[in-house]
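Student: This is the structure I want to talk about, given as structure tokens.
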Amino acid sequence: MTKSSHHNQSHFRHSIMAVSHLLLTIFAILPLASCVDEEEYPDSPRGNLEALWRIIDEHYCFLDYKQETIGLDWDEVHARYASRVDDGMTRVQLFEVLSEMLAELRDGHVNIFTSFDTGREWSWQEDYPANLSDTLLRRYLGTDYHASNGMRYKVLDDNVGYVRYASFGSDLGSGNLDDMLTTLAPCRGLIIDIRDNGGGMVTSAETFAARFTNKDILVGYICHKTGKGHSDFSKREEQHLKPAKAVRWQKPVAVLTNRGVYSAANEFVKYMKCCPNAIIVGDKTGGGAGMPFSSQLPCGWSIRFSACPMYDRDGQCTEFGISPDYQVSLTDEDFLRGRDTIIETARRLVCE
């Protein structure tokens, strides 16, 4: 054998070993990342219930937390709901049973989607006052407000800037923020009203919050599911908010919240709580901070829930809401006078 052919064979063997190692690594990771369970379940009422129970058991990230806080026994839940299914059930009846089983988690971020309905547990919002009135918002905004990329803003009569931002659903441009903050720069303080903001793009929440810090700050932690056990998580990774390389706000700012503040908007509140001149005014947020995971039942219905828990800078879980610095609710007296109690409180606080 020539030296050249020996070298080529050796190189070939090393290449095969490298590829084999890479494939083994990929296959080791796939079961944790896949939305499909290894075991096949039939498309029957019992098969769909078993599939749903197992998906939650292996991937939902708050089962230990729920056991500690509300005494949830997921095995007991399985036994109780398995006895309620039979092959003669209609689709609607099965949906009701599965939705009720998921409601045992008491988590508004857990949903089951069908062509005819969405299973949800929204007591985190529906059991509390709305603390928001469209009638009052129209009174404050009037008709002479600026409108840019989902933001509506104006200067109130006491020289306080007011921004109404109802969704993080679109990519927030740097130019939009520069123009808004420049327009409001002469104001004594700023109010950012995100009540009923159901979330959207976390990147937009981060982009907005980056306008309120002049240095890199720790804002929280995130960890990831590493296995099928209820306690199989990675170590907590730090989340940092870096200052924007653009116009930044240096005066007091109040963020207005209610139970309808959810998902990416909840993350925005978490970030703003760490910014030096910011305060949170209103009601506790709705939560829903965990990174979402999606899967599918044998019948084709989709299931969505949190699989990566998030924490604030003090290590407290933010999935189930963030408390404001100033707890304020709308009052009937103020409403009759055409005043929004939460806005008025924020106006006073940013001017102190």
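Student: Counting only residues that are assigned to a helix (DSSP H, G or I), open to solvent by 60 Å² or more (accessible area, probe 1.4 Å) and in contact with an Asp or Glu (Cβ under 9 Å, 6 or more places away or on another chain), how many does the stretch 135-168 have?
Tutor: Result for the stretch 135-168: 1.
Student: Could you please tell me which pairs satisfy a Cβ distance under 9 Å, a separation of 6+ or placement on different chains, a first residue in the stretch 329-352 that is of a type in the set (Val, Ile, Thr), and a second residue that is in a helix (DSSP H, G or I) and open to solvent by less than 40 Å² (accessible area, probe 1.4 Å)?
Tutor: Correct list of pairs: THR331/THR341; THR341/ASP334; ILE343/LEU136; ILE343/LEU137; ILE343/TYR140.
Student: I'd like the residue in the stretch 201-237 that is part of a strand (DSSP E or B) and out of contact with any helix residue (DSSP H, G or I) (no Cβ under 9 Å at 6 or more places or on another chain) and, out of all such residues, is least open to solvent (accessible area, probe 1.4 Å).
Tutor: Looking at the filtered set, the residue picked out is ILE222.
Student: If you scan the stretch 169-200, which residues turn out to be closer than 25 Å to GLY321 by Cβ, among the hydrophobic types (A, V, I, L, M, F, W, C) and either open to solvent by 40 Å² or more (accessible area, probe 1.4 Å) or at pLDDT 95 or above (or both)?
Tutor: LEU190, ILE191, ILE192, ILE194
Student: For the stretch 264-280, indicate whether the set of residues that are charged (D, E, K, R), closer than 17 Å to ARG347 by Cα and open to solvent by less than 30 Å² (accessible area, probe 1.4 Å) is non-empty.
Tutor: no
Student: Between a first residue in the stretch 85-107 that is without any contact (Cβ under 8 Å) to a residue 24 or more places away in the chain and closer than 30 Å to GLU68 by Cβ and a second residue that is open to solvent by less than 30 Å² (accessible area, probe 1.4 Å) and in a helix (DSSP H, G or I), which pairs have beta carbons less than 8 Å apart while being 6 or more apart in sequence or on different chains?
Tutor: GLU100/TYR81
Student: Would you mind finding the one in LYS270, LYS245 that is assigned to a loop (DSSP other than H, G, I, E, B), of a type in the set (Lys, Arg), farther than 24 Å from LEU141 by Cβ and out of contact with any helix residue (DSSP H, G or I) (no Cβ under 8 Å at 6 or more places or on another chain)?
Tutor: LYS245
Student: As an exercise: evaluate HIS240 against (1) at pLDDT 95 or above; (2) in a loop (DSSP other than H, G, I, E, B) and give the number of the one condition it does not meet.
Tutor: That leaves (2) as the condition not met.
Student: Take the residues in the stretch 308-328 that are at pLDDT 95 or above, open to solvent by 50 Å² or more (accessible area, probe 1.4 Å) and of a type outside the set (D, E, K, R); name whichever of them is farthest from HIS109 (Cα to Cα).
Tutor: Only one residue tops the list, namely TYR326.
Student: Restricting attention to the stretch 88-111, does a residue exist that is in a loop (DSSP other than H, G, I, E, B), at pLDDT 95 or above and surrounded by fewer than 16 Cβ atoms within 10 Å (Cβ to Cβ)?
Tutor: yes
The values are calculated or read from the model by the stated rules, or taken from the named source; none is laboratory data. All values derive from a computational prediction rather than experimental measurement. Virtual Cβ from ideal backbone geometry, glycine too; neighbours counted across all protein chains shown. Side chains are part of the model used for accessible areas, which takes the heavy atoms of the whole protein and leaves out ligands, DNA and RNA. Shrake-Rupley method; radii C 1.70, N 1.55, O 1.52, S 1.80 Å.
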